[in-house]
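What follows is a single structure, written as C-alpha cells, with notes after it.
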Amino acid sequence: MSDQQATTSTVDVVIVGAGFSGLYLLHRLRGLGFSTRVFERGDGVGGTWYWNRYPGARCDVESMQYSYSFDEALQQEWHWPEKFSAQPDILAYANHVADRFDLRKDIDFETSVTAAHYDEAARRWTIETDRGDRVRAQHFIMATGCISTAQTPEIEGLSDYEGGTYHTGNWPHEGVDVSGQHIAVIGTGSSGIQAIPVLAEQAAHVTVFQRTPNYSIPSQNEPMRPEYEGEWKADYQDKRAEMRYTAHGSLKDLNDKPAHSVSEEERQTTYEKRWEIGGAGYLGSFNNLLTDQEANDTASEFVRQQIKKIVKDPETAELLAPKTYPIGTKRICIDSGYFETYNRANVDLVDISEKPIERVTPEGLTANGKRYEFDSIVFATGFDAMTGTLFNVDIRGRAGQALKEKWYAGPRTYLGLMSEAFPNLFMITGPGSPSVKSNMLVSIEQHVDFVTDSIVHMRDQGLEVMEPERQAEDDWVDHVQETANRTLFPRANSWYMGANIPGKPRLFMPYIGGVGRYRRICEDVIAESYKGFRFEANASAAAAE
Ligand code: NAP
C-alpha cells in the first residue's frame, strides 16, 4: 500500500460484502447517522445467494425462519412460495430488501477490497480496492460470509481441458445448458447433492466422482401452506424471539431423550417419522446423537438402510452409504431425490475414495486407471471456509502484522467478532462464533446488532478504539476448542475442521456451544461493561483532559 496515493474519501465505516450481513449493517449504521460505504465484488446484492446459482440450489433452513426479523412490515408482507426456498427466491428477497431500504446508493458493486491497513497513529483503517479507491475509515467490517471462496482442486492437466468447467459456488449467471451433454460432477457435499438430480434430468449422462459419501435426508419440500405461513405470521415476533435462544437459531422439534433410553422399536419409529418429516430435524431425533458414538451409530445406520432401500443397484448403494464418520459431524445434507437419481440409466457413480482423480485430459479425465470423456466438468468441491475470504484481503493490524500471520495456526478471535491487535476490525459470523452451525440469518442479525451497538456505545462514550484483550481472546479460543472436543465433531474430516484444504490447520472453527448460550455470553459481556474488550478514548478528548 503506497502512502503517496491520494486519500480519496473518509467515512465512519467501511463494510466489505453486500450479502445479508452487509445489507443489514448498512441499513442500521446509516440509520444511526454513520457515514458508511459498502464494497461488493459482485454486480448485485445477495452474497452466497448471488454466487451459488447452480441448478437445484436451495436453502436447507425453512423459509419462514431464514429471513430477516428486524422489520415487522417486511416479515409480514413477504411471501415465500415454498417451505424450503430455492436460490432465485432468496436472491429476489435480497434484492427486495436492498430496494425497500434504498441501500444500493451506498454500495460500490464490482469492486473488491484488496487491502486494509491500520494506522496506529491516526487510529484509522486505510482500505484499498481493485478499482483504485482509497478510503479512510474508523471502523472496518468484514461481512464476507463463511463459505464464499470457492475451491477448485489442483488436478494435473486441468488447464488443458477443452470442455466447459463450472464451480457450483461461482455458477454462470446466464445458466449452463447441459442438454445432450456427457458431464462429470466432482464432489458430493450439499451442493453436489442438490445439483446432481437436476443435472441428471437435463444432461444426456452424468458421471459422479465421489471421494466421501454423505448422509442426506429428504427435504420433503412442498409449496408453502397458507395456514402454516399464517401460523408464523400470527406471532412472528414471539417466534423470532424464541429462535434466538435455541441451540441452532431455529425452531425445530428436538427430542430431549437419549437414544438408548427408549426401546429399539421406538428408536426405529422415531427415525422413520423424522425421515418422513424431512430436513435437518433428523439430528434432533434424540438429544445425544452428536455427543455419544453409540447413539450416533443408530441414527447413522438408519440412514444407511434407507439408502439401501432406495438405490436399486446394491453395489452403488453400498458406495453411497457413509461409514467413515458419525452422522452430523460433516454438515448434514438435505436433498430432493438425490439417492433416487442413481436409479436412472443416465447416472453413474465412480468411487475415488482410494485413489484421487489421476489427471484431467483435453477430452475428460482419468480416474482409477480409466479414461472418461466429458463435454463439461462440474466442480462441487466446496470452499476455503471461514478464513479463506478474510485472507483474500491483505488485512494488517498493529505494527503491520498480517491477520494471516497471526492466524497461521488457526483463527484467533474473541467471540468470533474481533481479533486482538486489529482494533475496530469487526467480523460478522467470524470463526469462533456459532456462524455455520446455526441459522445464518439469526446469527447475522445478532452480530450486526452487537457491532452496531458497540459503535454507538463508542460514539456516546467518546471512545475511538475498541479491541479485545489478549487474555479474553486466548480464553475464548480455548473455550471454542474444549466445547467442540466434548462432541463427535472433531472425528470427521470436514470443512468445519479445515480438512478440505491442503495445509490448512486442523481445528474446529465454529462455536458449537449453541446459539442461545452464545447470545447470553455476549449479553453478559455488554452488561459487564464490555468485559474482555479494551477501549481508547477519542484522541481529542484525551488531549483536552
Ligand atoms: P463441501 O461440503 O465441502 O463438499 C465438497 C465435496 O467435494 C465433497 O464431497 C468433497 O469430498 C469433494 N471434493 C473436494 N475436493 C475434492 C477433490 N480434490 N477430489 C474429489 N472430490 C473432492 O462443499 P459444498 O457441497 O459446496 O457445501 C459447502 C457448504 O455450503 C455446506 O456444507 C453447507 O454449509 C453450505 N451449503 C448449504 C446448502 C443448503 O443450504 N442446502 C447448499 C449448498 C451448500 P470430501 O468430503 O472427501 O472432502
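Taking into account only those residues within segment 14-71 that are assigned to a loop (DSSP other than H, G, I, E, B) and among the charged types (D, E, K, R), which is nearest to residue 332 (Cα to Cα)? Only one residue fits best here, namely 60. If you check 316, 269 for being part of a helix (DSSP H, G or I), of a type in the set (Val, Ile, Thr) and free of Cβ contacts under 8 Å to residues at least 12 places away in the same chain, only one passes: 269.
Scanning segment 357-378 for residues being of a type in the set (Lys, Arg) and more than 13 Å from the ligand (Cβ to nearest atom) gives a total of 2.
Filtered by the rule that a residue be charged (D, E, K, R), within 24 Å of the chain's Cα centre (by Cα) and over 30 Å from residue 311 (Cβ atoms), segment 225-259 gives 239, 240, 242, 244.
Can you tell me which residue is farthest from the chain's Cα centre (by Cα) among those in segment 160-190 that are surrounded by fewer than 18 Cβ atoms within 10 Å (Cβ to Cβ) and within 15 Å of the ligand (Cβ to nearest atom)? If we take residues in segment 160-190 being surrounded by fewer than 18 Cβ atoms within 10 Å (Cβ to Cβ) and within 15 Å of the ligand (Cβ to nearest atom), then 165 is farthest from the chain's Cα centre (by Cα).
Scanning segment 460-490 for residues that are more than 20 Å from residue 511 (Cβ to Cβ), touching a residue at least 12 places away in the same chain (Cβ under 8 Å) and assigned to a helix (DSSP H, G or I) returns a single hit, 461. Take the conditions (1) away from the ligand (no atom under 11 Å from the Cβ); (2) buried (at least 20 other Cβ atoms within 10 Å of the Cβ); (3) under 23 Å from residue 164 (Cα atoms); (4) more than 27 Å from the chain's Cα centre (by Cα); residue 342 misses just one of them, which is (3).
Regarding segment 120-130, can at least one residue be identified that is in a loop (DSSP other than H, G, I, E, B), in the same structural domain as residue 15 (by TED's automatic domain parsing), away from the ligand (no atom under 16 Å from the Cβ) and touching a residue at least 24 places away in the same chain (Cβ under 8 Å)? There is at least one residue in segment 120-130 that is in a loop (DSSP other than H, G, I, E, B), in the same structural domain as residue 15 (by TED's automatic domain parsing), away from the ligand (no atom under 16 Å from the Cβ) and touching a residue at least 24 places away in the same chain (Cβ under 8 Å).
When 536, 528 are checked against the criterion of being of a type in the set (Asp, Glu) and touching a strand residue (DSSP E or B) at 6+ places or on another chain (Cβ under 7 Å), 536 stands alone in meeting it.
Does residue 352 satisfy the criteria of being touching a Leu at 6+ places or on another chain (Cβ under 8 Å), within 11 Å of the ligand (Cβ to nearest atom) and in the same structural domain as residue 202 (by TED's automatic domain parsing)? It is false that residue 352 is touching a Leu at 6+ places or on another chain (Cβ under 8 Å), within 11 Å of the ligand (Cβ to nearest atom) and in the same structural domain as residue 202 (by TED's automatic domain parsing).
Of all residues in segment 508-545, those being modelled with pLDDT under 95 and under 18 Å from the mean Cα position of the chain (by Cα) number 0.
The residues in segment 191-224 that are closer than 18 Å to residue 310 by Cβ, in a loop (DSSP other than H, G, I, E, B) and either touching a Cys at 6+ places or on another chain (Cβ under 8 Å) or more than 10 Å from the ligand (Cβ to nearest atom) (or both) can be counted, and the count is 4. Filter segment 491-521 for residues that are within 15 Å of the ligand (Cβ to nearest atom) and outside any loop (DSSP other than H, G, I, E, B); which is surrounded by the fewest Cβ atoms within 10 Å (Cβ to Cβ)? Per the criteria, the residue is 491.
Against the criterion of being within 26 Å of the chain's Cα centre (by Cα), surrounded by 22 or more Cβ atoms within 10 Å (Cβ to Cβ) and more than 15 Å from the ligand (Cβ to nearest atom), residue 116 qualifies. Inspection of segment 408-415 identifies no residue that is closer than 30 Å to residue 53 by Cβ and of a type in the set (A, V, I, L, M, F, W, C). The residue list 389, 381 contains one member that is in contact (Cβ under 8 Å) with a residue 12 or more places away in the chain, closer than 24 Å to residue 11 by Cα and within 16 Å of the ligand (Cβ to nearest atom), which is 389.
The values are calculated or read from the model by the stated rules, or taken from the named source; none is laboratory data. As the structure is a computational prediction, the values presented were derived from the model and not from experiment. In this analysis, Cβ positions are derived from the backbone assuming ideal geometry, glycine residues included, and neighbour counts consider all displayed protein chains.
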